[in-house]
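Report on the following structure.
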Amino acid sequence: MQEQHLYEYAVIRVVPRVEREEFINVGVVICHWKRDFLRSKIQLDSKKLLMLDPLADVEMIQLNLASFEKICAGANNGGNIATMDLASRFRWLTAVRSSIIQTSRPHSGFADDLEKTLERLFDENVR
(Lines give C-alpha, C1' and ligand atoms only; values in the text may rest on other atoms or scores of the structure.)
Protein backbone atom coordinates (compact mmCIF):
# COMPACT_ATOMS: atom_id res chain seq x y z
CA MET A 1 0.00 0.00 0.00
CA GLN A 2 1.29 3.44 -0.90
CA GLU A 3 1.85 6.12 1.71
CA GLN A 4 -1.01 8.56 2.25
CA HIS A 5 -0.09 12.25 1.85
CA LEU A 6 -1.79 15.11 3.67
CA TYR A 7 -2.63 17.78 1.10
CA GLU A 8 -4.51 21.05 0.92
CA TYR A 9 -6.66 22.21 -1.95
CA ALA A 10 -8.97 25.04 -2.94
CA VAL A 11 -11.52 25.49 -5.70
CA ILE A 12 -10.77 28.33 -8.14
CA ARG A 13 -13.75 30.52 -8.99
CA VAL A 14 -14.53 33.29 -11.42
CA VAL A 15 -16.81 35.98 -9.99
CA PRO A 16 -17.55 38.24 -12.97
CA ARG A 17 -19.59 40.77 -10.97
CA VAL A 18 -18.16 40.76 -7.48
CA GLU A 19 -21.01 42.82 -6.05
CA ARG A 20 -23.49 40.06 -7.01
CA GLU A 21 -21.32 37.27 -5.52
CA GLU A 22 -22.32 34.84 -8.30
CA PHE A 23 -19.54 32.57 -9.48
CA ILE A 24 -18.60 29.57 -11.56
CA ASN A 25 -15.99 27.04 -10.51
CA VAL A 26 -13.19 26.94 -13.07
CA GLY A 27 -10.43 24.95 -11.43
CA VAL A 28 -8.67 23.42 -8.47
CA VAL A 29 -5.28 24.07 -6.87
CA ILE A 30 -3.66 21.37 -4.73
CA CYS A 31 -0.58 21.57 -2.55
CA HIS A 32 1.62 19.14 -0.62
CA TRP A 33 4.53 20.84 1.12
CA LYS A 34 6.81 17.88 1.75
CA ARG A 35 6.56 16.55 -1.80
CA ASP A 36 7.12 20.03 -3.30
CA PHE A 37 3.81 19.60 -5.13
CA LEU A 38 1.76 22.63 -6.17
CA ARG A 39 -0.46 22.13 -9.20
CA SER A 40 -3.62 23.56 -10.65
CA LYS A 41 -6.06 22.44 -13.28
CA ILE A 42 -8.21 25.15 -14.83
CA GLN A 43 -10.86 25.19 -17.53
CA LEU A 44 -12.98 28.27 -18.17
CA ASP A 45 -16.42 27.63 -19.64
CA SER A 46 -16.95 30.96 -21.42
CA LYS A 47 -20.63 30.16 -22.13
CA LYS A 48 -21.36 29.81 -18.41
CA LEU A 49 -19.37 32.94 -17.68
CA LEU A 50 -21.27 34.98 -20.24
CA MET A 51 -24.58 33.74 -18.83
CA LEU A 52 -23.63 35.39 -15.52
CA ASP A 53 -22.27 38.51 -17.15
CA PRO A 54 -22.74 39.06 -20.90
CA LEU A 55 -20.16 41.87 -20.75
CA ALA A 56 -17.43 39.81 -19.05
CA ASP A 57 -13.97 40.21 -20.57
CA VAL A 58 -13.28 36.53 -21.30
CA GLU A 59 -9.81 37.18 -22.72
CA MET A 60 -8.68 39.16 -19.67
CA ILE A 61 -10.02 36.46 -17.33
CA GLN A 62 -8.20 33.75 -19.30
CA LEU A 63 -4.95 35.74 -19.02
CA ASN A 64 -5.39 36.05 -15.25
CA LEU A 65 -6.10 32.33 -14.95
CA ALA A 66 -2.92 31.63 -16.94
CA SER A 67 -1.02 33.74 -14.39
CA PHE A 68 -2.48 31.56 -11.65
CA GLU A 69 -1.00 28.49 -13.36
CA LYS A 70 2.39 30.21 -13.81
CA ILE A 71 2.52 30.99 -10.10
CA CYS A 72 1.74 27.36 -9.24
CA ALA A 73 4.53 26.22 -11.52
CA GLY A 74 7.01 28.78 -10.18
CA ALA A 75 7.56 29.87 -13.78
CA ASN A 76 10.15 32.53 -14.61
CA ASN A 77 7.44 34.63 -16.29
CA GLY A 78 5.06 34.26 -13.30
CA GLY A 79 6.10 37.49 -11.59
CA ASN A 80 7.41 38.01 -8.06
CA ILE A 81 4.86 35.70 -6.46
CA ALA A 82 6.13 32.77 -8.57
CA THR A 83 9.59 33.19 -7.02
CA MET A 84 8.31 32.62 -3.48
CA ASP A 85 8.56 29.28 -1.71
CA LEU A 86 5.78 26.77 -2.32
CA ALA A 87 3.88 27.41 0.92
CA SER A 88 3.90 31.17 0.36
CA ARG A 89 2.64 30.76 -3.21
CA PHE A 90 -0.24 28.54 -2.07
CA ARG A 91 -1.18 30.96 0.73
CA TRP A 92 -1.05 33.92 -1.67
CA LEU A 93 -3.21 32.13 -4.24
CA THR A 94 -5.81 31.14 -1.64
CA ALA A 95 -5.92 34.43 0.27
CA VAL A 96 -9.40 35.88 0.68
CA ARG A 97 -9.91 38.68 -1.82
CA SER A 98 -12.61 40.64 -3.55
CA SER A 99 -11.66 40.22 -7.19
CA ILE A 100 -12.87 38.44 -10.30
CA ILE A 101 -10.70 35.38 -9.59
CA GLN A 102 -11.13 33.93 -6.11
CA THR A 103 -10.67 30.61 -4.35
CA SER A 104 -12.63 28.73 -1.77
CA ARG A 105 -11.12 28.46 1.65
CA PRO A 106 -8.46 25.74 1.71
CA HIS A 107 -9.56 22.20 2.57
CA SER A 108 -7.41 19.20 3.43
CA GLY A 109 -7.40 15.50 2.73
CA PHE A 110 -5.25 12.41 2.40
CA ALA A 111 -4.24 10.76 -0.86
CA ASP A 112 -1.67 8.30 -2.12
CA ASP A 113 -1.59 9.75 -5.65
CA LEU A 114 -1.69 13.55 -5.79
CA GLU A 115 -2.08 13.77 -9.58
CA LYS A 116 -5.13 11.47 -9.51
CA THR A 117 -6.51 13.44 -6.58
CA LEU A 118 -6.19 16.68 -8.56
CA GLU A 119 -8.15 15.09 -11.42
CA ARG A 120 -10.82 13.76 -9.05
CA LEU A 121 -11.21 17.13 -7.30
CA PHE A 122 -11.47 18.85 -10.67
CA ASP A 123 -14.16 16.42 -11.84
CA GLU A 124 -16.13 16.79 -8.61
CA ASN A 125 -15.95 20.58 -8.37
CA VAL A 126 -15.71 21.91 -11.92
CA ARG A 127 -17.22 19.50 -14.44
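The values are calculated or read from the model by the stated rules, or taken from the named source; none is laboratory data. Just so it is clear, the model here is predicted, and its values are computed rather than measured. Cβ sites come from the backbone with ideal geometry, for glycine too, and all protein chains shown count toward neighbours.
In the set Thr94, Thr83, Thr103, only one residue is of a type in the set (Val, Ile, Thr) and surrounded by fewer than 19 Cβ atoms within 10 Å (Cβ to Cβ); that residue is Thr83.
Listed here are the residues, each with its yes/no results for (1) under 19 Å from Asp112 (Cα atoms); (2) in contact with an Asp or Glu (Cβ under 7 Å, 6 or more places away or on another chain); (3) surrounded by 12 or more Cβ atoms within 10 Å (Cβ to Cβ); (4) at pLDDT 95 or above.
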| position | (1), (2), (3), (4) |
| --- | --- |
| Glu3 | yes, yes, no, no |
| Glu8 | yes, no, yes, yes |
| Ile12 | no, no, yes, yes |
| Glu22 | no, no, yes, no |
| Asn25 | no, no, yes, yes |
| Val28 | yes, no, yes, yes |
| Cys31 | yes, yes, yes, yes |
| Lys34 | yes, no, no, no |
| Ser40 | yes, yes, yes, yes |
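Just to be sure I understand, how many residues within region 53-80 are touching a Leu at 6+ places or on another chain (Cβ under 9 Å) and under 21 Å from Asp36 (Cα atoms)? Counting residues in region 53-80 that are touching a Leu at 6+ places or on another chain (Cβ under 9 Å) and under 21 Å from Asp36 (Cα atoms) gives 5.
For region 42-64, filtered to residues that are surrounded by 13 or more Cβ atoms within 10 Å (Cβ to Cβ) and under 24 Å from Ser88 (Cβ atoms), the residue that is modelled with the highest pLDDT is Ile42. Mind checking which residues of region 45-80 are within 17 Å of Gln102 (Cα to Cα), hydrophobic (A, V, I, L, M, F, W, C) and touching a helix residue (DSSP H, G or I) at 6+ places or on another chain (Cβ under 6 Å)? Within region 45-80, Ala56, Val58, Ile71 qualify. Residues that are among the acidic types (Asp, Glu), over 28 Å from Ala87 (Cα atoms), without any contact (Cβ under 8 Å) to a residue 12 or more places away in the chain and part of a helix (DSSP H, G or I): does region 19-26 have at least one? Yes; the residues of region 19-26 include at least one that is among the acidic types (Asp, Glu), over 28 Å from Ala87 (Cα atoms), without any contact (Cβ under 8 Å) to a residue 12 or more places away in the chain and part of a helix (DSSP H, G or I).
The residues of region 65-80 that are surrounded by 14 or more Cβ atoms within 10 Å (Cβ to Cβ) and not aliphatic (A, V, I, L, M), listed by number, are Ser67, Phe68, Glu69, Lys70, Cys72, Gly74, Gly78. Within region 1-18, take every residue that is hydrophobic (A, V, I, L, M, F, W, C) and assigned to a strand (DSSP E or B) and give me the one that is farthest from Val96 (Cα to Cα). My answer is Leu6.
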